[in-house]
Amino acid sequence: MKSSSSSFSKFSIALLVVVSCNLLLLLINNNASHRQSKTFWPALELINFIASRVFSIVMAYLSFMVYHGIPPSLENLHRKLQKSWKQTTITMMYIELLNNAFASLESLARSAKGAASDIAVIAGLIFLISWLGRFPFMYYDAVYKISLIVSVAEEGCNEEKALEKANELVKEREVVIFFLLVLTVIIELAVTKMCRFGSAISLVKLLTMFFTYLAYTSFYYGSKKKSCHKGEKIL
């Protein structure tokens, strides 16, 4: 009970940081010069953001299914989603909350001026860095993706617990994860640069996302098998 309430408290404080930063940014933007299509672009960005995160969750499930030899049909996907979509979604929201907090503080640091704003930004950064100090920032993208896979594969494992398990796997095999991370990031950046618009391009991006998650799924199960061979407890 104590750990769960502590986790809830951390989550609440981080949420407060995000909301506060975004409210300040909203006030700053309202005071700036007004632009055309003011309401259209933010709405479009929100739709793209939600769609991207939904696709990430779907790709994590599809990679899990393909790895286990389950045909990636809509029926099988729906059956698997019914079992654990809540905990995977909670993990995604938890990670995005942290990402949003950092992005908001970074934007606020560039936009806001004055001693009070600087103090607020520094205080927020200190809180987030102290909270996430045990997670390796160099491999944060890998930890983020593997934590989603952990939530898909392991019942009752979400948010901070999933991040911690993913972090343990990354620390155990840092050399492997380094090369895997470099490879997947290069491929993702290349696809993003070459492909910007069109339905065919979107399909290429989705395939790239799928193979990225499949690579991390293989890493996850490879790490579990390695732990078994060493006589360690399965994660």
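No lab work stands behind these numbers, since they all come straight from the coordinates. Only a predicted model underlies this, so the values are computations on that prediction, with no experimental measurement involved. Note that we place each Cβ from the backbone using ideal geometry, even for glycine, and neighbour counts take in every protein chain shown.
Given R0 = 35 Å, the distance between the Cβ atoms of residue 164 and residue 190 translates into a calculated FRET efficiency of 0.65. Between residue 90 and residue 182, the FRET efficiency estimated from the beta carbon spacing at R0 = 22 angstrom works out to 0.15.
In this calculation the C-beta distance from residue 44 to residue 227 is compared with R0 = 45 Å, giving a FRET efficiency of 0.50. Extension gain, residue 174 to residue 202: 0.36 nm times the residue separation minus the Cα-Cα distance gives 6.9 nm. Structure note, pairs 165/225; 145/165; 86/226: Cα-Cα distances above 21 angstrom occur for 86/226. Note on residue 155 and residue 53: the model spin-label points, each 7 Å out from Cα along the C-beta direction, lie 2.7 nm apart. Rounded to the nearest Hz, the phi-derived 3J(HN,Hα) couplings of the range 73-87 under the Karplus curve 6.51 cos²θ - 1.76 cosθ + 1.60 (θ = phi - 60°) are 8, 4, 5, 5, 5, 4, 5, 6, 4, 4, 6, 9, 5, 5, 5, where x marks glycine and proline. For residue 154, nonlocal amide neighbours, meaning residues 5 or more places apart or on other chains whose placed amide H falls under 5 Å from its own, do not occur.
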